[in-house]
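The values are calculated or read from the model by the stated rules, or taken from the named source; none is laboratory data. Owing to the predicted nature of the structure, the values given are computational and were not obtained by experimental measurement. Methodologically, a virtual Cβ is constructed for each residue, glycine included, from the backbone with ideal geometry; neighbour enumeration extends over all protein chains shown. Just so you know, the surface numbers come from the protein's heavy atoms only, side chains and all, with ligands and any DNA or RNA stripped out. Shrake-Rupley method; radii C 1.70, N 1.55, O 1.52, S 1.80 Å.
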Amino acid sequence: MKCTVAIVFAALFAVVLAAPAADSEAQILRLESDVQPEGYKFALETSDGKKHEEQGELKNVGTEQEAIVVRGSYSFVADDGVTYTVNYIADENGFQPEGAHLPNVPIGN
């Protein structure tokens, strides 16, 4: 499972750093990273207004129910000049984003 945490972190970190060509002039203002055997956290902020913070941790370590729980948020300035923020959790129940600009659709039973 420790390898899984490292792989998840590496994949997410690659997504964060993969920027479209138009953003190639953005500078990294802050980059923090801490990877531990049972979790990780990182923060990234760029000069074009993008921010991404995330932390992941293993729960129920060593059991059949072992799972990774990821919590985080990211924000960006859109073409309309508005800053949009998404807060999220990803766990055994899936990816659950929240944001003022996102539709709030209740999940039926």
Item to check | Cβ-defined net charge surrounding N87, 13 Å radius [Lys, Arg +1; Asp, Glu -1] | outcome: -1
Next on the checklist: Over the stretch 38-86, with the other protein chains present, what is the accessible area per residue in square angstrom, probe 1.4 angstrom?
Outcome noted: 57
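Ordered by packing density, taken as the mean number of other Cβ atoms within 10 Å over each peptide's residues, highest first, how do 72-81, 96-105 rank?
72-81, 96-105
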Checklist entry - Semi-axes, largest first, in whole Å: what does sqrt of 5 times each Cα gyration tensor eigenvalue give for the stretch 59-109? => result 29, 15, 5
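Under the 0.36 nm per residue contour assumption, what length would be gained going from the current alpha-carbon distance of D79 and E66 to full extension?
That pair, D79 and E66, stretches by 0.6 nm at full extension.
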Item to check | Selection from H101, Y74, N87, by position along the positive dipole direction of the stretch 44-109 (Cβ) | outcome: H101
Checklist entry - For E25 and I89, FRET efficiency with R0 = 41 Å and r from the beta-carbon atoms, rounded to 0.05? => result 0.80
Checklist outcome for this item: Expressed as a percent, the accessible surface of the stretch 45-109 that is carbon or sulfur, using a 1.4 Å probe and the full set of protein chains, is 49
